[in-house]
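The structure appears right after this line, and notes come after that.
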Amino acid sequence: MKKLSLNLVDYDKNGNPNLHGLNWGNRKDGTERDKNEAYLQLTPEIYSTDYFPPKGKYFITETDDGETLILVRAQKPIGTALQTPENNAILGRYLRKRLGLEEDEEITAENVEAYRTTISFYKKDDLHYFLDYSKNDDFFDETKNDIHISSQSPFTPSQIIYYGVPGCGKSNKIREQLKNVPEKNKVRVVFHPEYTNAEFIGQILPKVNGHVTYEFTPGPFTQIIKRAYLSPNEHFYLVIEEINRGNAAAIFGDTFQLLDRLKAGETDSLGNDPANAAVNTFTEGWSQYFVQNDDVNAYIRKATKLDDGSYQERNDGEPIEEIKIKEIHFNANTAIRLPPNLSILATMNTSDQNVFTLDNAFQRRFDMELVRNEFDLTKPAVNAQYNAEIDDTGIKWGQFWGWINAKITATLKGLSSTEDKRLGVWFVSNVGGIIDDKVFAEKVLKFLWDDVFKFKRPQVFAEGIDTLEKLINSFEKPSEGKERFDVFKDKSNLVAFVASPTL
């Protein structure tokens with residue numbers, strides 16, 4: 001892989017440092033911006049070549065510390081800098097983390113010189129790069145054209161459960177995170193009460209082709225683990241939606257053990273061919289424990305070895321004798337582990353509105369990340385959602401959302417399920433800046449009646465509304481002299497909140 005290094009600091013003839021775009025967000029021009037915004041400046045000798053993709057084309061960059069950055073060439077006329085397209089503060093935060101600085105902190109020449117003044121890129125192909133900003137620039141061994149440390153991967157796997165209220169954007173967060181990841185590098189599955197271990201891992205099923213045979217049919221878990229084994233220089237993702245709507249412990253079965261990963265400095269050599277137990281040494285990112293599964297093992301080894309030493313996936317024929325994953329030899333006697341280049345991302349609702357709960361033993365093997373139920377008005381789509389009008393009422397969805405969530409919290413105070421009862425930002429979506437009255441009635445009002453205020457209806461809804469049918473009819477077709485939001489007992493409170501959004 002061809003190496004290219006960028007200077008992060010240089011000096012003019014008077015000795016004044018130039019940090020190029022590292023402090024882009026800290027410019028003193030009176031413009032409000034995220035102070036973490038940054039870009040990497042390309043010199044004419046670099047941007048005039050085809051080392052990086054052309055301006056506007058995204059590319060995937062795996063870093064020496066296991067992060068994944070989506071980068072793009074930007075700035076007129078032909079792309080003279082590299083930045084993170086979703087938000088160039090992502091790059092700035094990453095660089096500050098490597099330099100040991102706090103977010104928003106200004107980067108100085110002294111900071112860069114104390115750590116490292118260059119940042120190196122290694123081009124794998126037109127879509128995939130490695131970025132080395134290790135302190136000693138020793139992540140990559142050019143004499144071997146390979147990554148240092150025999151079985152160590154350039155990836156740090158993530159195991160994250162994103163949780164929050166219904167409609168807060170959990171699935172969308174994952175979708176945005178993986179939007180530039182090729183489809184073959186991700187598998188998505190939804191857990192539900194009838195979902196089984198056999199469906200998730202794989203099972204023997206009959207196959208009719210002139211006669212009946214019985215063959216192993218892989219589930220999503222086995223499909224993605226095979227792809228990750230065969231392509232160790234690419235990052236793969238297993239996405240599990242609604243992880244606690246199925247019995248997660250039963251669905252994972254013995255593969256639950258694989259969720260514990262080896263940490264930095266840890267190694268393990270168990271689960272190998274007993275005749276040559278030291279042949280494999282698993283390092284950081286691999287599963288700490290292993291499971292034996294002959295069907296999964298054989299399915300992974302159904303591959304074709306190409307002339308360049310890589311492997312092409314296939315799903316039929318006989319397994320090959322061995323697959324070499326860097327310095328790991330995977331044969332019929334090798335146990336199954338999660339590889340470092342396989343991450344698991346999942347979603348779940350905040351509290352127990354679900355069919356099954358996740359026990360502490362399961363949850364502790366994941367990082368838990370709250371998806372906050374709030375409007376980020378700097379994003380155009382979110383801004384449009386906030387300002388979407390609820391039919392002809394003159395009330396914006398964001399205003400109603402703020403009022404009703406405050407009412408839910410106050411009315412249900414002390415109940416364990418209060419968190420899950422609140423409405424998410426995307427509980428309903430606008431179409432062309434409008435939320436239709438029928439959509440609002442059938443989704444929002446029905447949810448409030450059937451679920452949220454099930455035992456508090458007289459406190460919330462107007463007198464005379466004693467059935468769901470009356471509630472919906474009164475909103476969709478208000479009687480003479482009435483308005484749609486007269487369905488609520490304290491509509492005046494809503495009007496006051498809209499005028500000045502505080503309760």
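The values are calculated or read from the model by the stated rules, or taken from the named source; none is laboratory data. Quick caveat: nothing in here was measured; it's all calculated off a predicted structure. For neighbour counting, all protein chains shown are included, and Cβ atoms are generated from backbone atoms with ideal geometry for every residue, glycine included. When the accessible area is computed, the model is the full protein with side chains, heavy atoms only, and any ligands, DNA or RNA have been set aside. Shrake-Rupley method; radii C 1.70, N 1.55, O 1.52, S 1.80 Å.
Cβ-Cβ distances below 9 Å connect the following pairs, each with a first residue in region 386-405 that is assigned to a helix (DSSP H, G or I), a second residue that is open to solvent by less than 20 Å² (accessible area, probe 1.4 Å) and polar (S, T, N, Q), and a separation of six or more residues or different chains: 397/385; 398/385. Scanning region 90-109 for residues that are assigned to a helix (DSSP H, G or I) and either more than 16 Å from residue 20 (Cβ to Cβ) or under 24 Å from the mean Cα position of the chain (by Cα) (or both) yields a total of 9.
Let's see how each residue does on (1) open to solvent by 70 Å² or more (accessible area, probe 1.4 Å); (2) farther than 22 Å from residue 371 by Cα:
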position	(1), (2)
383	no, no
391	no, yes
422	no, no
432	yes, yes
474	no, yes
478	no, yes
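Residues considered: 68, 84, 63. Of these, the only one that is open to solvent by less than 10 Å² (accessible area, probe 1.4 Å), under 25 Å from the mean Cα position of the chain (by Cα), under 18 Å from residue 179 (Cβ atoms) and not acidic (Asp, Glu) is 84. Select from region 293-347 the residues that are open to solvent by less than 10 Å² (accessible area, probe 1.4 Å) and of a type outside the set (A, V, I, L, M) and list them in ascending order. The answer is 297, 330, 334, 337, 339, 340, 341, 343, 347. Out of contact with any Phe, Trp or Tyr (no Cβ under 7 Å at 6 or more places or on another chain) and among the acidic types (Asp, Glu): does that describe residue 103? Yes; evaluated as a whole, the condition is true for this residue. Evaluated against (1) open to solvent by 30 Å² or more (accessible area, probe 1.4 Å); (2) of a type outside the set (Val, Ile, Thr); (3) not in a loop (DSSP other than H, G, I, E, B), residue 365 falls short on exactly one condition, (3). Residue 62 meets the conditions (1) in contact (Cβ under 8 Å) with a residue 24 or more places away in the chain; (2) assigned to a loop (DSSP other than H, G, I, E, B); (3) among the acidic types (Asp, Glu) in every case but one. The failed one is (2).
On inspection, residue 428 passes the criterion of being under 23 Å from residue 164 (Cα atoms), outside any helix (DSSP H, G or I), open to solvent by less than 60 Å² (accessible area, probe 1.4 Å) and at pLDDT 90 or above. Look at residue 398 and say whether it is at pLDDT 90 or above, open to solvent by less than 60 Å² (accessible area, probe 1.4 Å) and either touching a Phe, Trp or Tyr at 6+ places or on another chain (Cβ under 7 Å) or closer than 26 Å to residue 455 by Cα (or both). Considered against the rule, which asks whether it is at pLDDT 90 or above, open to solvent by less than 60 Å² (accessible area, probe 1.4 Å) and either touching a Phe, Trp or Tyr at 6+ places or on another chain (Cβ under 7 Å) or closer than 26 Å to residue 455 by Cα (or both), residue 398 comes out as yes.
Residues that are within 14 Å of residue 341 (Cβ to Cβ) and either at pLDDT 95 or above or aliphatic (A, V, I, L, M) (or both): does region 200-215 have at least one? No.
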